[in-house]
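S.K.: Dropping the structure in here first, questions after.
Just so it is clear, none of the values below were taken in a lab; they were calculated from the coordinates. Only a predicted model underlies this, so the values are computations on that prediction, with no experimental measurement involved. Positions of Cβ are generated from backbone atoms using ideal geometry, with glycine treated the same way; all protein chains shown enter the neighbour counts.
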Amino acid sequence: MNHTPSQPPKPYTVPRIRELKGSERIAAITCYDASFARIIDQTPIQLVLVGDSAANVIYGLDTTLPIRIDEMVMHTRAVAAGLTRPLLVGDMPFLSYQPSAEIAITNAGRLLQAGAKAVKVEGGGAHIRGIITKLVEIGIPVMGHLGLTPQSVHRFGGFKLQGKKASDAERMLVEAKLLEQAGCFSLVLEKIPSKLAAKITSSVSIPTIGIGAGPSCDGQILVLYDLLGLDPAFKPRFVRRYAELAGIILDALARYASDVMAGNFPSDKESFS
Ligand code: KIV
């Protein structure tokens, strides 16, 4: 990190993230609360997404469809409280932007008022591009999202690899270019073949951020809890676990319970006279 104690680190803005393409790879991560945000803030990570994956990892749901804008606003506010340096992007949940540009503007505005500097929306069809154009027009930066867009899980029939068929791959490439034209400042590519991600990355001038999209993207993003190993049973191929926190937490809680039950906690030093 290029900062000294007397000089606060320069925050990552939308233009700064855009300019990283071709010069520096982007490390992005999801986050949902202030405690983790404070830790992330001390790392070189450049971009933090308050993902609607909160539906899965915070609320224990099978899909992202049930999470609502009110919940995303609260998580965004919490993360913003702990973050000073990475760019904070708020995810627009299902039905918070699809119905109309007016609804999208109102809800994106709520995420920005909660501390996000940009929002993310899924899909690349004409309807979504029209909404993106309106958001960008009034000054709300938008990150696009193509490939396995989880809000369309029922159309896909599961969390399946996308863009395998030549016609799907071609459509995705076209949509990526159109999303750039619509004003997106970056693009998440989720669960698509590496070759397609490489082709899209070299065809657009905005950074691509991959998850399950191979090594050629301009950056990578993972769900924080997957990277930290909070659910030992969840290990998709595209996740690399950098810690096994479930075991560490389990051990700490078991020792705490044992101390309480044996009358060893609290000690005199941990009590008041
Ligand atoms: O909601 C989320 O966490 C996401 C990332 C996986 C990109 O959309």
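S.K.: Apply the Karplus parameterisation 6.51 cos²θ - 1.76 cosθ + 1.60, with θ equal to phi minus 60°, to every residue of segment 26-37 and state each ³J(HN,Hα) to the nearest whole Hz, in sequence, with x for glycine and proline.
M.R.: Taking θ as phi minus 60°, the curve returns 9, 9, 10, 8, 8, 7, 9, 8, 6, 5, 5, 4 Hz for segment 26-37.
S.K.: So how do 141-149, 228-236 stack up, highest first, on mean other-Cβ count within 10 Å? Intermediate results must be reported in sequence, preceding the final value.
M.R.: Working: 141-149: 26.0, 228-236: 13.8.
With the highest mean Cβ count within 10 Å placed first, the list reads 141-149, 228-236.
S.K.: Based on DSSP H runs of at least 4 residues, each adding -39500 (n - 2.57), what is the mean residue ellipticity at 222 nm of the chain after dividing by all its residues, to the nearest 500 deg cm²/dmol? Write out the running numbers ahead of the final one.
M.R.: Working: 11 runs with 109 residues, N = 273.
Taking each H run of at least 4 residues, the total per residue is -11500 deg cm²/dmol.
S.K.: How many times 2.2 N^0.38 Å is the alpha carbon radius of gyration of segment 121-182?
M.R.: Values: Rg = 12.3 Å, N = 62, 2.2 N^0.38 = 10.6 Å.
Against the empirical 2.2 N^0.38 Å value, I get 1.16 for segment 121-182.
S.K.: Right, here's the next one. Computed over the Cα atoms, what is the radius of gyration of segment 88-228 divided by 2.2 N^0.38 Å, N being its residue count? Please list the in-between numbers first.
M.R.: Values: Rg = 14.3 Å, N = 141, 2.2 N^0.38 = 14.4 Å.
Against the compact-globule rule of thumb, the ratio is 0.99.
S.K.: Compute, for segment 133-213, the length of the dipole vector about the Cα centre, with Cβ point charges of +1 (Lys, Arg) and -1 (Asp, Glu) only. Units Debye, rounded to 20. Don't skip to the end; give the middle numbers.
M.R.: Details: 10 positive and 6 negative charges, 67 e Å.
I would put it at about 320 debye.
S.K.: Would you please report the Å³ per residue occupied by the convex hull of the alpha carbon atoms in the chain? Intermediate results must be reported in sequence, preceding the final value.
M.R.: Values: hull volume 43.6 nm³, N = 273.
So the per-residue Cα hull volume is 160 Å³.
S.K.: In whole Hz, what ³J(HN,Hα) sequence does segment 64-78 give by Karplus (6.51, -1.76, 1.60; θ = phi - 60°), x for Gly and Pro?
M.R.: Once rounded to whole Hz, the list reads 8, 4, x, 5, 10, 4, 4, 5, 5, 5, 5, 5, 5, 4, 5.
S.K.: Additional query: Take R171 and A243, extend 7 Å from each Cα along the Cα→Cβ direction, and tell me the distance between the two endpoints in nm.
M.R.: 4.1 nm
S.K.: Helix 166-182 versus the longest principal axis of the chain: what is the Cα-based angle in degrees, 0 to 90, to the nearest 10?
M.R.: Value to nearest ten degrees: 90.
S.K.: Checking the cross-link filter: which aspartates and glutamates have an alpha carbon closer than 14 Å to that of K160, excluding same-chain neighbours under 8 positions apart?
M.R.: D168, E190
S.K.: Give me D for segment 190-238 in µm² s⁻¹, whole number, from Stokes-Einstein with Rh from the Kirkwood sum over alpha-carbon pairs, 37 °C and 0.692 mPa s.
M.R.: Working: Rh = 11.5 Å.
Diffusion coefficient, whole number: 285 µm²/s.
S.K.: How large is Rg over Rh for segment 20-179, taking Rg from the Cα atoms and Rh as the Kirkwood inverse mean of 1/r across Cα pairs?
M.R.: Numbers: Rg = 15.6 Å, Rh = 16.3 Å.
Ratio of gyration radius to Kirkwood radius: 0.96.
S.K.: Students often forget the sequence filter, so: which lysines lie under 24 Å Cα-Cα from K21 once same-chain residues fewer than 8 apart are removed?
M.R.: Candidates past the 8-residue exclusion: K10, K117, K120, K177, K191, K195, K199.
S.K.: By how many nm would the segment from L95 to S152 lengthen if fully extended, with 0.36 nm per residue of separation less the alpha-carbon distance? If you can, show how the numbers build up before the last one.
M.R.: On the way: separation 57, 0.36 × 57 = 20.52 nm, distance 1.15 nm.
Full extension from L95 to S152 adds 19.4 nm.
S.K.: When T106, T208 are ordered from fewest to most other Cβ atoms inside 10 Å of their Cβ, what list results?
M.R.: On the way: T106 13, T208 26.
Result, fewest neighbours first: T106, T208.
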